[in-house]
Amino acid sequence: DDEQIGRILGKLDEKKLSKDTLVIFLADHGISLGAHGISGKQTMYEEGIRLPLIVRFPRLKRGHAKNSSLTSLIDIFPTICDAAGVPIPKSVEGKSLLGLYEGKGRWDRDRIFASFVSPERHRLNIRCIRTDRYKFVHHLTTDENEFYDLENDPHELTNLAGQKRFARLQNQLA
């Protein structure tokens, strides 16, 4: 919890290690806590795919407190490389988060991917593509689709899958 994170950061300060220590604290996917009638991780709703993330690296110049660039767990390794001054291998698809935290603009990443596979226990196999504005979800087990306009429906209450006016965009993401 927050108090324990504070204890770790306080100990780094006390031992004068903060200045050169990158701290990344993240958690597993959200548990939904009843949103959409679900109390588990087996979902591609925002509550299920967003991750809590705390980064502290005193060497960074303070940037904007909020950034809406699409990020992913694949960005953690390049962030650590960047902080350590180690070149990011060309084969790595992720990007360092440090520039975002310094307020150096947005990324050109136009989509991120998520999936959940548990064919035996939950009988689920779900894939998701999320852009800044839209989300397409395909349930491979049932061949059902979900399509949301997150700008106009941030709580994902209206499934637009199959609607003619979104057909072209849905097909691009499928």
*Is it the case that segment 101-120 has a residue that's open to solvent by less than 30 Å² (accessible area, probe 1.4 Å) and not in a strand (DSSP E or B)?*
yes
*Please work out which one of (1) surrounded by 12 or more Cβ atoms within 10 Å (Cβ to Cβ); (2) more than 15 Å from the chain's Cα centre (by Cα); (3) at pLDDT below 80 is the condition Lys41 fails and give its number.*
(2)
*asked:* Take the conditions open to solvent by 80 Å² or more (accessible area, probe 1.4 Å) and either touching an Asp or Glu at 6+ places or on another chain (Cβ under 6 Å) or farther than 26 Å from Lys61 by Cα (or both) and apply them to Asn159. Does it pass?
replied: no
*Please work out which residue is farthest from Pro78 (Cα to Cα), limiting yourself to segment 9-34 and to residues that are in a helix (DSSP H, G or I), in contact (Cβ under 8 Å) with a residue 24 or more places away in the chain and out of contact with any Pro (no Cβ under 6 Å at 6 or more places or on another chain).*
Leu9
*For segment 119-166, enumerate the residues that are in contact (Cβ under 8 Å) with a residue 40 or more places away in the chain, of a type outside the set (A, V, I, L, M, F, W, C) and more than 23 Å from Leu70 (Cα to Cα).*
His122
*State the number of residues belonging to segment 55-72 that are touching a residue at least 40 places away in the same chain (Cβ under 8 Å) and within 27 Å of Asp13 (Cα to Cα).*
9
*asked:* If I go through segment 44-92 residue by residue, how many of them are open to solvent by 60 Å² or more (accessible area, probe 1.4 Å), in contact with an Asp or Glu (Cβ under 7 Å, 6 or more places away or on another chain) and of a type in the set (A, V, I, L, M, F, W, C)?
replied: 2
*Pick out the one residue from Asp153, Asp132 that is of a type in the set (Asp, Glu) and either surrounded by 15 or more Cβ atoms within 10 Å (Cβ to Cβ) or within 30 Å of Leu22 (Cβ to Cβ) (or both).*
Asp132
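The values are calculated or read from the model by the stated rules, or taken from the named source; none is laboratory data. All of these numbers come straight from a predicted model, not from anything done at the bench. Glycine gets a Cβ as well: all are built from the backbone with ideal geometry, and neighbour counts include every protein chain shown. All accessible areas refer to the heavy atoms of the entire protein, side chains included, with ligands and DNA or RNA removed. Shrake-Rupley method; radii C 1.70, N 1.55, O 1.52, S 1.80 Å.
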